[in-house]
Structures are given as structure tokens and as C-alpha cells.
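So the structure is just underneath, and the comments pick up after that.
The values are calculated or read from the model by the stated rules, or taken from the named source; none is laboratory data. Note that this is a predicted model, so its numbers are computed, not measured. Cβ placement follows ideal geometry from the backbone for every residue including glycine, while neighbour counts extend to all protein chains displayed.
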Amino acid sequence: MTEHHIVFIGGGPRTAMILERISANRSLLEDTALHLHVVDPFPAGAGRIWREDQSPLLKLNSRAADVSMFTDDSVQCLGPARPGPALDQWVQLIRDGQLPDVPALLETDPLLRAEVVGLASGDFPTRRLQSCYLRWFFARVQASFTAPDTIEVHQDTAVDLLPGQRTHRVILASGEEILADQVVLVQGHLDAASDADERTAQLAAHAAGSDHLGYIAPGYTNDIDFQDLTAGTEALVSGMGLAFTDLFVLLFEGRGGRFEPTESEALEYIPSGQEPKLLVGSRRGVPYHSKIRSSTIAPLTSAYLTEEAIIQLHRQHGELDFFAHIWPLIAKETGFFYYRELFSAHREHVKGSWADFHAAYDSVSWYSPERSSLIAEFVPPEHRLEFEQLEFPLPVPRPLRAELAGAQLDAMVRSHIEEDLRLRDSPDHSQFQALFFGLLRSFVTLPLVHELLSQEGRTQLASWWPGFFSFVDSGPPAHRLHELLALHRAGFIKFLGPETSFGFDDEQQSFRAETLAGPIHAPWLIEARLPTTGISTSNDPLLASLLRRGLITEEPGGSGKMHITSLRQVIGRDSKIYRWLFATGAGVGRFQAGAFSRPHANSAPFADSDALARELLSAPKTMSGWELAGSIAEHHRSIA
Ligand SMILES: Cc1cc2nc3c(=O)[nH]c(=O)nc-3n(C[C@H](O)[C@H](O)[C@H](O)COP(=O)(O)OP(=O)(O)OC[C@H]3O[C@@H](n4cnc5c(N)ncnc54)[C@H](O)[C@@H]3O)c2cc1C
């Protein structure tokens, strides 16, 4: 029996999912003892983002019913489905006393215990509860590997990887070395090196040289120390995405403030006396669209963004462009979901019948005058779907009246959030839920599309789609927006509006926001976002070493992400493919499927993890052939 060692660098949810798929597909590799190693300084299964040791106020961005680590029959993958409980079902099993291996923390931690007692399927769980689910899942996967297989966790950081002829050495910060036949880089979101970006370094230098200025560079909010941001201090905040939500949770409720219900739906903020004052703006000027409360009644079946349609486009055009070929199809598909629901559930908002509308809709393309006329005929303006308006919802009237401009922008943002909540935090506008599903369905199709895109098309997809998708489909739970409005009413948050940019004012020696109403100054600047880190700008020592030695390279197109093959093998200098070195996750190129998955939705991460697991198990059998081919190629190069 041969021995085969696979080392995973990173032990977050993605690694846990791949390990489960290795277990499910284990029979692919016969007569071999499989030795799996997981390296991560944070607890395996949860990793850094989902570790239990974090604020109990931070929440998952999905409902408990929408998070599962288990495959089901909906998943289109070659390996066998191995069903198991989604997060809400898992909690129910605990409540019913049906889960034999309840994590100890759930018995001893009063906050988690209370959460388990009260959690409903539609609730947004805390990250700490998700941490318990992930670690329980990991332990279960671990137990599924039995002798002669082993799985070992190394609570450490990988700092280098030295390739050998057949086996490779993974070097850990502690000095320990692990021998590997295959290595999988699953390092998730990477932190940026402090000198990675000149602008950030300069802003930090301004703050460092002063005793009253403060600057927070992009980072994972939970890991940032805000102690020096004292009560009453004004801070400009750049960014209104999910990092901003974490920020206001930690700075207000996290410092002892609380929200109380009022007679209306609005919340009242009761201060702790420790509040800073946040002046927040961004390119769009508004937070991500709220999560949606309604349920759809119309069927959610694809009509336009189908495999056949994509293959047909490919036959017609060859390599595809994302904006010219794919986006119009996504728009039409999502529009179809939206209007079918509008005609089915809210007939009072439309004129004419679905049958007539559908017959005409079928033959028009999304970006055509015919589509505009059709919608104008059947749907009044307030119920029409326009993606451009959805993406930039705050058209600012120009010119603004100078003396009122700041207050006007602030009020516009507030009204937008109120309207967003009216439409999305209500059971009465299910067309937005259908819109949500339309985009989600498109997301699942994108791995197929990616392979058929031109380089330019891939760059378009990578640079635009994730931001747009997150803005519309991955916004905060509605209660966070209610909290934001309460903080705004209490005077602790002010909105600066869209098209705001941030920098330092040398003359005034303070940070400056350039808003549509003119400049605003404050002693602090907080960049509320994750760093957009590529492999050459990350602070990870392993990646720095691999890059220096040419084992990894950036993918073409300027994303800064790692270049890999469609089999997720790393492509090094001179286009050399390392067939034993794999990579997946946020810092890696090609289309990335994300991590958490909805049950019964053929979610992309499952199929993606299954394919990688099968590749890992199949590769050893063909390894020697590849190595032979590799060494022949190398021989030819050396004599050429
Ligand atoms: C703040 C935040 C909130 C999020 N919220 C959600 C959400 O609500 N829902 C959702 O679906 N997704 C969310 N995400 C997306 C997130 O990417 C996924 O949920 C998931 O964590 C990705 O899993 P992963 O294993 O690929 O990466 P990660 O979870 O990032 O795990 C990667 C692991 O690799 C380890 N690592 C990195 N380098 C090394 C090294 N050199 N040596 C050893 N270990 C190393 C890290 O310590 C880390 O534990 C969120 C992301 C962030 C940053």
C-alpha cells in the first residue's frame, strides 16, 4: 500500500467542504493510505473569519435556513451527495436532543445557549453560532477518515513551500516541516502588506506623525483595535458595504449602546456615552440593498440563461465578451423572474396578462427599444426594473443649492434607506425576492460561462459582477438598516452622499472627504472594506516566497489574483503548470464559487469542491506520467 500526503494551507470553511468531498469520493484512490494535513493558526473548520473568539454581536449575512455544508440531490456533481442538516435544522436537532455530539461551547456559553433556544429558520445567526456549526462539521468529516487514512491539524502558519522531485516540504512558522505529495492553497481573504498600496501607506504616515489623527486601513473589522477612537471624535468613513455594517455594530452596540423598539417600526438608539461620530460616504453613497422578507409564488425556473443559450452564443461568436454577450442574458433572465412574480403576485401593479407580456418578452433582447416599449405598455414606472437604477439608486439633482447641499444629501440617503426597507423588509413586494433568486441563479451558471469568456470578458466579469451582485443580493439583514437609521436619527451617523472620495488635506492637516456638497474634514479616516489584495501585495510569507521563486504568478488581466488552470492547478513562471500544487478561494483567479451554500439550490461551491476533491484523488494515479512528461519537456528546454 502506498502512502499519499495532501497538505491544505488554510483550514476555513472551504477546506472543510473539500475534505468532506474527498471523504465522499474516497474510493477513487485505491491501495493507498491517505494522510491529510490541515495548517491554520485559527481553529480548523471555522478558520479566521468564523472563529468562535469574536464579538457576539456580529452576524452571518444569511438566514439560518440558507446555510448548509452538506450536499443534497440538487447538486450537480460527479461525487455522491451526502445529505446533512442545514444550520437551522442542526439547531433544531440540538433543541430536540437528537444531536449526539453537541459542541461543548453550546452547553457552557450562555449567549450561544440562548441563541440556540430562540433561533428561527429566518433569523440571521451570530458568527459564533456558525463557528460551532462549522467546527462540528469539520469534526464529523475528520471522523469519517478511518485507518489507514489519517487527518492531522497543525495549528500553525505555513511560511514556505520547497518543491522536491516527488515530495515537497511545507515549512511552518514553528519550524515544523510536513512532507507533501500534493499541496492545496485555501487561504481565503488575504491581508495586505503595510506598504502594498502607496496611498494607504501615505495616509497611515500622516496619522502616525500626529497625536490627534487616526487612520484605519482596509482590513477585517473584527480584528481592528478602535480603542484610540474616543467618544465624540469625528471619523470619516469610506465605504458602506458589509465592513461598514460590522463597524457600526462594534462602535455603537459594541460599546454599550442599545436599540429599543418604539411604537412605530423604527428603533430608538440609547447611547452609552462612548460614541464617536461617523461621517460616511462612498461611490454609490448608500448601503447595500437590504435582505428581503417576502416569499415568491411564481416558479423560479430558468428561461434564458441556459446552458444551450450559452453554448449557442459561443458557437456564434467564439470567445465571449461578458458585457456584450452574457450580461444581457443575465439581465433578461433576472427580469423574467422579476416580472413573472410581479404579474403572478401583484396583478394590481400591472396592465394586461402575463401570457401576452411573456409572449412579447420572449422575443426581445433586454437592451433594446422593443423591451422598453413593452415594459412601458404593461408596467407603470414605479414597478419597472432597471439594473442601472438598481446599481446607482441615488440620482443627485445638479446643481445642488450650496447652503443646503450637505443636509440635502444626508436626507436623500436616509430616504433611500427608508424606501429600501419599505420594499424589501415587507411581505408585500415579492418581485424583489424573485429578483434576488434570478441573480443567484445566474451566479450558479457563471462557472460554466467563465470557461467560454475571452480574457477581456473574464476581466469584465471579475471587476464588475462581484460588486454588483453583493450590492443587490448580499446586503445586510433589514434590522441592521433599521439600526443604522436609529443611529442617524440620534446624530451619531451622518451620510455624505454618493461620489465621495477621501484623502488628506495638507493645508488643514486633517483627513478630508470630497463630497458633492464640498469638502468635509475630520481627524480620523476609516476605510470600511476588506483590502483588495493580490498575491503580490499580500502580507502572507508563503505567497511572497512562492511568488519570488516563480511557483505562482498573477493571472493575466490585472486582477492580481493567482493564475490557475481550470483544474485549479497553479501556473508558475514561463506558464509551467505545477500539477501537485492546487489553489482555490478568494485570492485565486478564474471564477470563484464562494463558500457557503444554500441547500437544495445546486450551489456552486459544492460542485466546485467536489471537482477539486476528485482531481486530488485521481491525480496520484497519473502523477508519474505527468512527471515523466514534465521532465521530458524540461530536458528539451535545457538542450534547446
Ligand atoms: C468579514 C467577512 C464576513 C463574511 N460574511 C459572510 C457571510 O455572512 N456569508 C457568506 O456566505 N460569506 C461570508 N464571507 C465570505 C467568506 O469568504 C466565506 O464565508 C468563507 O469564510 C470563505 O472560506 P475560505 O475557507 O475560502 O476562506 P477563509 O474563511 O478566509 O479561511 C482561510 C483560512 O486560511 C488561513 N490561512 C491563510 N494563510 C495561511 C497560511 N499561510 N498558513 C496557514 N493558514 C493560513 C486563514 O487563517 C483562514 O483561517 C465573509 C467574509 C468576510 C471577510
Which residue pairs have Cβ atoms closer than 7 Å, lie 6 or more positions apart in sequence or on different chains, and pair a first residue in the range 436-454 that is closer than 12 Å to ARG590 by Cα with a second residue that is hydroxyl-bearing (Ser, Thr, Tyr)? GLU451/SER566
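Residue by residue, here is whether (1) acidic (Asp, Glu); (2) in contact with a strand residue (DSSP E or B) (Cβ under 8 Å, 6 or more places away or on another chain); (3) in a helix (DSSP H, G or I) holds:
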position	(1), (2), (3)
HIS482	no, yes, yes
LEU485	no, yes, yes
PHE495	no, yes, no
PRO531	no, yes, no
ALA544	no, yes, yes
PRO556	no, no, no
TRP580	no, yes, no
Among (1) assigned to a loop (DSSP other than H, G, I, E, B); (2) surrounded by fewer than 16 Cβ atoms within 10 Å (Cβ to Cβ), the one test that PRO519 misses: (1)
Residue selected from the range 217-236 under the condition among the acidic types (Asp, Glu) and within 18 Å of HIS206 (Cα to Cα), by the criterion farthest from the ligand (Cβ to nearest atom): GLU234
The listed residue being assigned to a loop (DSSP other than H, G, I, E, B) and basic (Lys, Arg), out of ARG371, ARG398: ARG398
It is to be established whether one or more residues within the range 120-137 are exposed (fewer than 15 other Cβ atoms within 10 Å of the Cβ), touching a strand residue (DSSP E or B) at 6+ places or on another chain (Cβ under 9 Å) and under 19 Å from THR15 (Cα atoms). no
Scan PHE596, PHE606 and give me the residue that is within 24 Å of LEU242 (Cβ to Cβ), buried (at least 22 other Cβ atoms within 10 Å of the Cβ), assigned by TED's automatic domain parsing to the domain that holds GLN130 and among the hydrophobic types (A, V, I, L, M, F, W, C). PHE606
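One line per residue, one yes/no per condition, for (1) closer than 30 Å to THR533 by Cβ; (2) hydroxyl-bearing (Ser, Thr, Tyr); (3) touching a residue at least 40 places away in the same chain (Cβ under 8 Å):
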residue	(1), (2), (3)
ALA208	yes, no, no
TYR215	yes, yes, yes
ASP228	yes, no, no
PHE259	no, no, yes
I want to confirm something. Restricting to the range 112-131 and keeping residues that are more than 14 Å from LEU58 (Cβ to Cβ) and of a type in the set (A, V, I, L, M, F, W, C), which single residue is nearest to the ligand (Cβ to nearest atom)? LEU119
For the structure I just gave you, tell me whether PHE248 is crowded, with 19+ Cβ neighbours inside 10 Å and away from the ligand (no atom under 15 Å from the Cβ). no
Note on THR301: of the conditions (1) touching a residue at least 60 places away in the same chain (Cβ under 8 Å); (2) among the β-branched types (Val, Ile, Thr); (3) surrounded by fewer than 20 Cβ atoms within 10 Å (Cβ to Cβ), unmet is (1)
Please tell me if ARG512 is farther than 15 Å from SER282 by Cβ and in a strand (DSSP E or B). yes
Which condition breaks for THR2 when tested against (1) within 8 Å of the ligand (Cβ to nearest atom); (2) among the polar types (S, T, N, Q); (3) over 17 Å from the mean Cα position of the chain (by Cα)? (1)
Odd one out for THR167, checked against (1) in contact (Cβ under 8 Å) with a residue 12 or more places away in the chain; (2) more than 30 Å from ASP228 (Cβ to Cβ); (3) within 16 Å of the ligand (Cβ to nearest atom): (3)
Go through (1) in the same structural domain as LEU487 (by TED's automatic domain parsing); (2) modelled with pLDDT of 95 or more one by one and return the number of the condition GLY219 breaks. (2)
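Given the options ASP72, ASP31, ASP109, ASP101, name the one that is free of Cβ contacts under 8 Å to residues at least 24 places away in the same chain and more than 16 Å from the ligand (Cβ to nearest atom).
After applying the criteria, what remains is ASP109.
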